[in-house]
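The values are calculated or read from the model by the stated rules, or taken from the named source; none is laboratory data. Since the model is a prediction, treat every value here as computed from it, not as a measurement. Note: ideal-geometry Cβ built from the backbone for every residue, glycine included; neighbour counts use all protein chains shown. With ligands, DNA and RNA removed, areas are computed over all heavy atoms of the protein, side chains included. Shrake-Rupley method; radii C 1.70, N 1.55, O 1.52, S 1.80 Å.
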Amino acid sequence: MSSASNVQPHDADDVAVYARQGLGASLGLQAPFGLLIVDFVNGFADPAQLGGGNIASAVEATVPVLAHARASGWPIAHSRIVYPADGSESNVFVEKIPGMRTLHEDAQASAIVPSLAPRAGELVVRKTAPSAFFGTALSAWLTARRISTLFIAGATTSGCVRASVVDAMSWGFRPVVLEDCVGDRAIGPHNAALFDLQAKYADVRPWSDVATRL
């Protein structure tokens, strides 16, 4: 596993298995860079709705990352879950998590948190599935901007972040999960997802380490 990350496995034997099989190689940082912020919306930031755990602290940690990305001229994309109020795009995802039926275009819960509000020129992806890439123009948008390394923040780590990271890798981007900038409503799934993402799909690094390398 990456020495820069604080991700810890639950059992020493797990480390031996992953190491023996050669998992966890580093992808490194290869320009051009882009930033994807997954579903940091009011509903997921609020423990009384769909949030909890360490999501609020991850939102706060993402503020300086977004500022750096803007100052550096990186392409920036945000995603939010949006279902039509008439139920015309209800799917298996909302059957599994009925509370997401409230995430409509004009619903406060579906709006991106004010501290990370998109600016002109930043892509806002509306989605009805976990991955920000599924059924959206995100991959084409990033490809047109020749993105190689895609930094990823957002919620939830074990859900929409994980799905987006796997798809980013599948499309040929180099995902770097910003460890302190992703959050989940429970810490167990958060830690397990980070461990697995680092092993198989992405580099997992705290923003402080990335900023130093950049």
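Of the beta bridges DSSP finds with both residues in the chain, what % are antiparallel, to the nearest 5?
Working: 1 of 25 bridges.
The antiparallel proportion sits near 5 percent.
Under a plain spin-label model, where a point goes 7 Å from the Cα along Cα-to-Cβ, how far apart in nm are Thr143 and Ile97?
Placing both labels 7 Å beyond Cα along the Cβ direction yields 2.7 nm.
Please list, in chain and number order, the residues 5+ apart from Thr156 or on another chain whose amide H is under 5 Å from its amide H, with Hs placed from the backbone.
Those qualifying (amide H under 5 Å, at least 5 residues apart or on another chain) are Val161.
Starting at the first residue of region 150-161, write each ³J(HN,Hα) from the Karplus equation 6.51 cos²θ - 1.76 cosθ + 1.60 with θ = phi - 60°, in whole Hz, x for Gly and Pro.
For region 150-161, the Karplus curve yields 10, 7, 10, 10, x, 9, 8, 4, 7, x, 5, 5 Hz.
Report, by chain and number, residues whose modeled amide H sits under 5 Å from the one on Glu179, excluding near sequence neighbours (fewer than 5 apart, same chain).
Those lying under 5 Å, H to H, from Glu179 are Arg205, Trp207.
Residues with beta-carbon under 14 Å from that of Ile187, excluding Ile187: net charge, scoring Lys, Arg +1 and Asp, Glu -1? Mind showing how you got there, number by number?
On the way: positive: Arg185; negative: Glu179, Asp180, Asp184.
Spelling it out: positives minus negatives among the neighbours equals -2.
Roughly how much of Tyr201 is accessible, in Å² to the nearest 10, using a 1.4 Å probe?
Counting only protein heavy atoms, Tyr201 exposes about 50 Å² to solvent.
What number comes out for the charge environment of Phe93, summing +1 per Lys or Arg and -1 per Asp or Glu over other residues with Cβ under 11 Å away? Please report the intermediate quantities before stating the final value.
Numbers: positive: Lys96, Arg101, Lys127; negative: Glu89, Glu95.
Neighbour charge sum, excluding Phe93 itself: +1.
About the Cα centre of the chain, what is the dipole size in debye to 20, counting +1 per Lys and Arg Cβ and -1 per Asp and Glu Cβ, all else neutral?
Numbers: 16 positive and 19 negative charges, 125 e Å.
It works out to roughly 600 debye.
Testing the spin-label approximation: label points 7 Å from Cα along Cα→Cβ at Leu27 and Ser115. State their distance in nm.
Output for this residue pair reads 2.6 nm.
Hey, what do the phi angles of region 90-100 turn into as Karplus ³J(HN,Hα) couplings, whole Hz, using 6.51/-1.76/1.60 and θ = phi - 60°, x for Gly and Pro?
4, 9, 5, 4, 6, 5, 6, 10, x, x, 6
Output ³J(HN,Hα) for region 173-179: one whole-Hz value per residue in order, computed from phi by the Karplus curve 6.51 cos²θ - 1.76 cosθ + 1.60 with θ = phi - 60°, and x for Gly and Pro.
Listing the rounded values in order: 7, 9, x, 10, 7, 7, 3 Hz.
Grab the Cα-Cα distance for Ala129 and His68, subtract it from 0.36 nm times how many residues apart they are, and report the gain in nm with one decimal. Provide the component values of the computation, followed by the final result.
Numbers: separation 61, 0.36 × 61 = 21.96 nm, distance 2.87 nm.
So the chain would gain 19.1 nm between Ala129 and His68.
Taking a ≥ b ≥ c as the square roots of the Cα gyration tensor eigenvalues, with a/c under 1.5 meaning rounded and otherwise prolate when a/b beats b/c, else oblate, which class fits region 110-174?
Verdict is oblate for region 110-174.
Taking the Cα centre of region 3-110 as origin, sum charge times position over the Cβ atoms of Lys and Arg (+1) and Asp and Glu (-1), and report the length of that vector in debye to the nearest 20.
Working: 5 positive and 11 negative charges, 65 e Å.
The dipole of region 3-110 has a size of about 320 debye.
Please give the net charge around Leu116, taking every other residue with its beta carbon less than 12 angstrom from that of Leu116, where Lys and Arg add +1 and Asp and Glu add -1. All intermediate terms of the calculation are to be shown ahead of the outcome.
Details: positive: Arg70, Arg80, Arg119; negative: Asp39, Glu60, Glu122.
Around Leu116, the surrounding residues sum to 0.
Could you pull out every residue, at least 5 positions away or on a different chain, whose amide H is within less than 5 Å of the one on Val41? Hs are placed 1.01 Å off N in the peptide plane, and Pro or chain starts have none.
Correct list: Val113.
Leaving out ligands, DNA and RNA, what percent of the accessible area of the chain is carbon and sulfur, probe 1.4 Å? Let's see the in-between values first.
Values: 5140 of 9640 Å².
Taking all protein chains in place, the chain shows 53 percent carbon and sulfur surface.
For Ala19 and Glu60, compute 0.36 nm times the residue count separating them, minus their Cα-Cα distance, and round to one decimal in nm.
On the way: separation 41, 0.36 × 41 = 14.76 nm, distance 3.37 nm.
The Ala19-Glu60 span can extend by a further 11.4 nm.
Out of region 77-153, which GluC sites (Glu not before Pro) are coil in DSSP terms and have no more than 14 other C-beta atoms within 10 Å? Mind dumping the intermediate values first?
Numbers: sites: Glu89, Glu95, Glu105, Glu122; in loops: Glu89, Glu105, Glu122.
Counting only loop positions with at most 14 other Cβ atoms within 10 Å, the GluC sites (Glu not before Pro) in region 77-153 are Glu89, Glu105.
Ignoring ligands, DNA and RNA, what accessible area per residue does the chain give at 1.4 Å, in Å²? Kindly include the intermediate steps, with their values, before the conclusion.
Details: 9640 Å² over 214 residues.
Accessible surface, normalised per residue, equals 45 Å².
Trypsin sites (Lys or Arg not before Pro), restricted to region 66-160: which are DSSP loop and have at most 14 other Cβ atoms within 10 Å?
Working: sites: Arg70, Arg80, Lys96, Arg101, Arg119, Arg126, Lys127, Arg145, Arg146; in loops: Arg119, Arg145, Arg146.
Hits after loop and neighbour filter: Arg119, Arg145, Arg146.
Quick check: residue separation of Ala107 and Asp46 times 0.36 nm, minus the Cα distance between them. What number comes out in nm?
Working: separation 61, 0.36 × 61 = 21.96 nm, distance 1.39 nm.
Net length gain for the segment: 20.6 nm.
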